[in-house]
Amino acid sequence: MSDDEEIILADLPDDELVLQMMDDLYDGLKEEIEESVQILLSRGWTPYDILTKALVAGMTIVGHDFRDGILFVPEVLLAANAMKGGMFILKPLLIETGAPRMGKMVIGTVKGDIHDIGKNLVGMMMEGAGFEVLDLGINNSVEKYLAALESEKPDILGMSALLTTTMPYMKVVIDTMIANGIRDDYIVLVGGAPLNEEFGKAIGADAYCRDAAVAVETAKSFVARKHNQMAANG
Amino acid sequence: MSTLPSDSTLTDTGLAASGQGRILLIACGALAREILTVKQANGWDHMDLTCLPAILHNHPEKITDAVRATVAKHRAGYATIFVVYGDCGTGGQLQSACDEMGVEMMPGPHCYAFFEGTAGFIDRAETEFSAFYLTDFLVRQFDAFVWRPLGLDRHPDLRDMYFAHYTKLVYQAQTDDPALTDLAKTCAQRLGLAFERRFTGYGDLGTTLEKVAKA
C-alpha cells in the first residue's frame with residue numbers, strides 16, 4: 001500500500017478486507033494476512049471461503065504478475081510466505097470442517113536436485129485449490145517416488161527439477177512406472193525452470209506445467225477427466 | 001583484437017565483435033576475460049569474439065533466441081561460428097537451435113562443468129549436488145548475479161529459503177588471485193555456506209577452443 005494513512009484491518013467491511021488481503025499478499029505482509037484471516041474467521045467466514053476467495057485469489061494475481069515479468073522471485077517468495085502464514089491457521093480448520101477435496105498429489109524434487117522453491121509453491125497452491133498434498137521434499141530416488149505412490153495412492157505424481165543435469169531423471173521414474181505396469185494409474189505432471197512442453201512429452205509425462213497456477217489448472221482438468229472416465233467406465 | 005570491457009559492461013551489455021578473423025566465437029559475457037586470455041596466449045588472431053550479456057545466465061529462457069539472433073547477424077561475415085555456451089538451463093533448446101543452424105557449441109551443462117572438465121564434473125555431481133558454484137567472474141559480480149536478483153539486499157531473511165539445502169560454496173578458480181579468493185570466502189559467509197576453493201584453470205574451455213582454432 002502506498003497510502004500513508006494506517007489501515008485498521010478490523011474496521012474494513014468484508015469485501016474491502018478481502019481486497020486488502022490481496023494487496024497484503026502481493027506485498028508479502030505475513031502478519032497482516034494472519035490478522036485478516038483471524039478477522040474473517042471471527043466474522044463467521046468458512047476456512048474454505050477465506051482460502052479460496054482471499055488467499056488463493058490473491059496468490060493467483062501474484063502468479064500472473066510473475067509470469068508476465070512484473071514480479072520476480074523474491075516478491076513471489078514473500079507472498080508465498082505470507083500465504084503460508086494464513087494457511088497455517090486455516091489448515092487444521094479445513095480438515096475439521098471437511099472442505100471439498102479435489103484429489104491427492106505426491107510431489108517431490110528429483111534425485112540429485114536440492115531446489116524446492118517452485119515445488120513448494122506448487123504444493124501450496126495445490127493445497128489452496130483443495131488437493132491433499134504429500135511433499136516428499138528434495139533429492140528423491142525412483143524407489144522413494146514408487147513407495148509413496150504405493151502407500152498414498154494419489155491421483156497425481158508431481159516431479160520437479162531445476163537442473164539440466166537432473167531433469168532426465170524424471171524419465172527414469174516414468175520408465176520404471178511403465179515397467180511396473182502402473183504408469184496409467186497416475187497423472188504425471190512435471191515442472192522446473194529448464195523444462196518445456198516438448199521435454200514433458202518426450203519423457204511421457206501427462207503435462208508440463210510452467211508455473212504453480214498452471215499446475216493447479218492442469219491438475220484440476222486432468223482429475224476431472226479421470227473422474228469422468230471412471231464414471232463412464234463404471 | 002578485442003579489448004576487455006569492465007565486468008559490469010560484460011554483465012549488462014556484452015562485447016561486440018571486432019569484425020576481424022575467419023572464426024567467430026559467440027560466448028556468454030562471463031567467459032570474455034578467459035576466452036581473450038586463451039586467445040591472446042595462443043596468438044589466435046584468426047578468431048574473433050562477441051559476447052552476449054552475462055546476465056542472461058539468470059534468464060536462460062532468453063539465451064536461445066539471443067544466440068540465434070547473433071548467429072544470424074554474423075553468419076555472412078565468418079567462415080565458422082562456434083557457440084561458447086553450455087546448455088545453461090535451456091533444457092536442450094540451445095543445442096537444438098545450434099543443430100538446426102549448423103553451428104557447434106560447447107558440450108556440457110554449463111561453464112561450471114567445462115571449467116572443471118565436464119566428464120569429471122558430471123561424475124562428481126552424484127555426490128556434490130548441494131554445492132553452489134562460483135567462477136572468477138561470478139565472484140567479482142556476486143552482487144549483480146546472486147545477491148540483488150534474489151532480493152537479498154532488500155530481504156536478507158529470504159536467504160535460508162534459497163540456500164537451506166546447500167552445504168558449501170565451491171569457488172572454481174580460473175586464476176590464482178588471493179584477493180579474489182578472499183572475496184569468494186566473503187560470498188560463502190554471506191550465504192552461510194562452507195567454503196571450498198578448487199583451482200580449475202580453464203579446463204575444457206581451453207582444449208575445446210584449441211580444436212576450434214585449429215579446425
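The values are calculated or read from the model by the stated rules, or taken from the named source; none is laboratory data. Every value quoted in this text rests on a predicted model; they were computed, and no experiment measured them. Neighbour counts are summed over all protein chains in view; Cβ atoms, including those assigned to glycine, are modelled from backbone coordinates with ideal geometry. Heads up: the accessible areas ignore ligands, DNA and RNA and are worked out on the full protein's heavy atoms, side chains in. Shrake-Rupley method; radii C 1.70, N 1.55, O 1.52, S 1.80 Å.
Side notes on the structure shown:
- Residues of segment A:127-164 that are within 14 Å of chain B (Cβ to nearest Cβ) and small (Gly, Ala, Ser): A:Gly137, A:Ser141, A:Ser160, A:Ala161.
- A:Leu77 vs. criteria within 14 Å of A:Leu121 (Cα to Cα) and surrounded by 16 or more Cβ atoms within 10 Å (Cβ to Cβ): yes
- Criterion applied to B:Ala144, B:Ala119, B:Ala179 was being modelled with pLDDT under 95 and more than 8 Å from chain A (Cβ to nearest Cβ), and the one residue passing it is B:Ala119.
- Segment A:103-156, residues that are closer than 30 Å to A:Ile61 by Cβ and in a helix (DSSP H, G or I): A:Ile117, A:Gly118, A:Lys119, A:Asn120, A:Leu121, A:Val122, A:Gly123, A:Met124, A:Met125, A:Met126, A:Glu127, A:Gly128
- Residue count, segment B:60-71 (criterion: open to solvent by 60 Å² or more (accessible area, probe 1.4 Å) and within 14 Å of chain A (Cβ to nearest Cβ)): 3
- Selection from segment B:113-130 of residues that are in contact with an Asp or Glu (Cβ under 8 Å, 6 or more places away or on another chain) and over 25 Å from B:Thr207 (Cα atoms): B:Phe129
- Taken over segment B:72-119, the criterion of being among the aliphatic types (A, V, I, L, M), surrounded by fewer than 20 Cβ atoms within 10 Å (Cβ to Cβ) and under 19 Å from B:Gly19 (Cβ atoms) is satisfied by B:Ala72, B:Ala76, B:Ala79, B:Val103.
- Extreme residue, farthest from A:Val110 (Cα to Cα), among residues of segment B:145-175 that are crowded, with 18+ Cβ neighbours inside 10 Å and in contact (Cβ under 8 Å) with a residue 60 or more places away in the chain: B:Gln174
- A:Gly63 vs. criteria crowded, with 18+ Cβ neighbours inside 10 Å, part of a helix (DSSP H, G or I) and at pLDDT 95 or above: no
- Residue in segment B:193-206 that is away from chain A (no Cβ under 13 Å), of a type in the set (Asp, Glu), out of contact with any helix residue (DSSP H, G or I) (no Cβ under 6 Å at 6 or more places or on another chain) and open to solvent by 20 Å² or more (accessible area, probe 1.4 Å) present: yes
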